[in-house]
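Asks: What follows is a single structure, and I will ask about it in a moment.
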Amino acid sequence: MKTVLSTAEAPAALGPYSQGIAAGSFVFCSGQIPLDPATGQLISGDIGIRTERVLKNLAAVLEAHGMGLSHVVKTMVFLTDLSDFNEMNLVYAKFFPERPPARSTIQVAALPKGANIEIEAVAIQPS
């Protein structure tokens, strides 16, 4: 059994997928890129500003299910340029100050809408 998560506080899906899926005690958040939820447009700014937007978008999806970033157990970060890693990491650390989740970071050739960062997450509800 699964529940589709959807909120206007995060950008609408760009294709045939859900912002998130709750299945049992797990929540699987689709990858978020730095889109402004109100306009659906890619925000401008450096990788730090874009990382912040992505993590706020992920938080909004989780909040739609009564959860938050503290429930995240795994993230996957996609960057189009690994030289952005240090700056991304500084912002990322502010969103996960204690007991950060497991994480993979991968350089990719391209991301939707020309974004330079995408982050997906898996969270678990406390029992």
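Asks: Ser25 is checked against (1) exposed (fewer than 12 other Cβ atoms within 10 Å of the Cβ); (2) within 29 Å of Met1 (Cβ to Cβ); (3) without any contact (Cβ under 8 Å) to a residue 40 or more places away in the chain; (4) touching a strand residue (DSSP E or B) at 6+ places or on another chain (Cβ under 8 Å) and fails just one. What number does that condition carry?
Replies: Failing condition for Ser25: (3).
Asks: Of Ala115, Ala123, which residue is buried (at least 20 other Cβ atoms within 10 Å of the Cβ), over 13 Å from Leu5 (Cβ atoms) and under 14 Å from the mean Cα position of the chain (by Cα)?
Replies: On the way: Ala123 fails: over 13 Å from Leu5 (Cβ atoms).
Within the list Ala115, Ala123, the selection yields Ala115.
Asks: Looking at the stretch 36-45, which of its residues are open to solvent by 40 Å² or more (accessible area, probe 1.4 Å), more than 17 Å from Phe95 (Cβ to Cβ) and free of Cβ contacts under 8 Å to residues at least 60 places away in the same chain?
Replies: Asp36, Ala38, Thr39, Gln41, Ser44
Asks: For the stretch 103-124, give me the residue count where each residue is assigned to a strand (DSSP E or B) and touching a Phe, Trp or Tyr at 6+ places or on another chain (Cβ under 6 Å). Don't jump to the end; show me each part of the working.
Replies: From the stretch 103-124, those assigned to a strand (DSSP E or B) are 103-107, 117-124; that's our starting set.
Filter once more, so that each one left must be touching a Phe, Trp or Tyr at 6+ places or on another chain (Cβ under 6 Å): 106, 118, 122, 124.
Residues meeting the conditions: 4.
Asks: Quick check on my filter: what residues within the stretch 56-74 are buried (at least 23 other Cβ atoms within 10 Å of the Cβ) and closer than 14 Å to Pro11 by Cβ?
Replies: Asn57, Leu58, Val61 - these are the residues of the stretch 56-74 that are buried (at least 23 other Cβ atoms within 10 Å of the Cβ) and closer than 14 Å to Pro11 by Cβ.
Asks: Additional query: Can you name the number of the only condition in (1) open to solvent by 40 Å² or more (accessible area, probe 1.4 Å); (2) within 26 Å of Gly40 (Cβ to Cβ); (3) polar (S, T, N, Q) that Asn89 fails?
Replies: Exception for Asn89: condition (2).
Asks: Another question about this same structure. One residue is enough: does the stretch 46-54 have a residue meeting the conditions of a type in the set (Asp, Glu), touching an Asp or Glu at 6+ places or on another chain (Cβ under 9 Å), open to solvent by 60 Å² or more (accessible area, probe 1.4 Å) and assigned to a loop (DSSP other than H, G, I, E, B)?
Replies: Restricting attention to the stretch 46-54, the residues satisfying the condition of being of a type in the set (Asp, Glu) are 46, 52.
Filter again for touching an Asp or Glu at 6+ places or on another chain (Cβ under 9 Å), leaving 46.
Pick out the ones that are also open to solvent by 60 Å² or more (accessible area, probe 1.4 Å) and you get 46.
Applying the additional criterion that residues be assigned to a loop (DSSP other than H, G, I, E, B) yields 46.
Taking every residue of the stretch 46-54 in turn, at least one turns out to be of a type in the set (Asp, Glu), touching an Asp or Glu at 6+ places or on another chain (Cβ under 9 Å), open to solvent by 60 Å² or more (accessible area, probe 1.4 Å) and assigned to a loop (DSSP other than H, G, I, E, B).
Asks: Within the stretch 62-102, take every residue that is outside any helix (DSSP H, G or I) and hydroxyl-bearing (Ser, Thr, Tyr) and give me the one that is farthest from Pro34 (Cα to Cα).
Replies: Residues of the stretch 62-102 outside any helix (DSSP H, G or I): 64-68, 72-81, 96-102.
Checking which are hydroxyl-bearing (Ser, Thr, Tyr) leaves us with 75, 80.
Numbers: Thr75: 16, Thr80: 13 Å.
Here the answer is Thr75.
The values are calculated or read from the model by the stated rules, or taken from the named source; none is laboratory data. Quick caveat, the model's predicted, so the values are computed rather than measured. Heads up, the Cβs are rebuilt from the backbone with ideal geometry, glycines too, and the neighbour counts pull from every protein chain shown. Ligands, DNA and RNA are stripped out before the accessible areas are found, and what is left, the full protein with its side chains, is counted by its heavy atoms. Shrake-Rupley method; radii C 1.70, N 1.55, O 1.52, S 1.80 Å.
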